[in-house]
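Each remark here refers to the structure printed beneath this line.
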Amino acid sequence: MSKVFVIDHPLVQHKLTLMRQKDCGTKDFRQLLSEISMLMAYEVTRELPLEEIEIETPITKCKSKIISGKKLGIVPILRAGLGMVDGWLALVPTAKVGHIGLYRDPETHLPVEYYCKLPMDVAERDLIVVDPMLATGGSSVAAIDFIKKRGYKSITLMCLVGCPEGIQAVQQAHPDVNIYIAAIDEKLNENKYIVPGLGDAGDRLFGTK
Ligand code: PRP
Ligand code: URA
């Protein structure tokens, strides 16, 4: 079974509270999502493997650690996942960025794919799928399905706000995918929105409502 890590760092929780409030405008929402993503990326990368290399300081030669192992790819689920990319690239500027376009059909609430472009070097990348909202889990499960079909094996999911139903859906469909999240809210409402949540993340991020 995959692991779920709740990032309860005070800065993350404080900024998330600001984002949740309905009078938080697009500019602040965007900035806060980017800042939280960077703070969460710091936690997600905590277990990256290190190796020692020989270097020369101005004083002497010594051994020092650098990150080893596979490179990273960041895969935002469009649209709202786009707001989490900058925070990652601030910390890992060499990461490649793939995109998966999915929207929830307003009637069925099921994900519909409209775009998929991923880095080509499958064997060399660990992928981090990013999306602020994990509601029914349909979008994240479908995105990870697409990514696995293209040969990727090492995948992590990073979301901002989720609920038990979404987490269970991902764990059932993809037990090998660990989930990093800032908050697990109470439930879904009749329109499959997270309660209390923060509303429609894509619309709040891009000012489309
Ligand atoms: C939102 C959100 C997730 C999805 C979560 O996207 O960004 O991708 O819903 O819901 P789920 O877990 O029930 O699938 P939306 O479909 O509204 O598209 P958008 O980002 O383009 O607004
Ligand atoms: N998508 C969102 O943007 N918010 C929710 O609460 C659920 C799905």
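The values are calculated or read from the model by the stated rules, or taken from the named source; none is laboratory data. Everything quoted here is computed from the prediction, not taken from an experiment. Cβ atoms come from the backbone with ideal geometry, glycine included; neighbour counts cover every protein chain shown. All accessible areas refer to the heavy atoms of the entire protein, side chains included, with ligands and DNA or RNA removed. Shrake-Rupley method; radii C 1.70, N 1.55, O 1.52, S 1.80 Å.
General remarks:
- The range 178-205, subset more than 12 Å from ligand 1 (Cβ to nearest atom) and within 18 Å of L110 (Cα to Cα), residue surrounded by the most Cβ atoms within 10 Å (Cβ to Cβ): K187
- Which numbered condition I128 misses (of (1) among the aliphatic types (A, V, I, L, M); (2) within 11 Å of ligand 1 (Cβ to nearest atom); (3) in contact with a Leu (Cβ under 8 Å, 6 or more places away or on another chain)): (2)
- Residues in the range 41-72 that are free of Cβ contacts under 8 Å to residues at least 60 places away in the same chain and in contact with a Leu (Cβ under 8 Å, 6 or more places away or on another chain): Y42, T45, K65, I66, I67, S68, G69, L72.
- Considering residues of the range 95-152 that are within 14 Å of P76 (Cα to Cα) and among the aromatic types (F, W, Y) only, the residue least open to solvent (accessible area, probe 1.4 Å): F146
- Which numbered condition N178 fails, given (1) within 13 Å of the chain's Cα centre (by Cα); (2) closer than 19 Å to R79 by Cα: (2)
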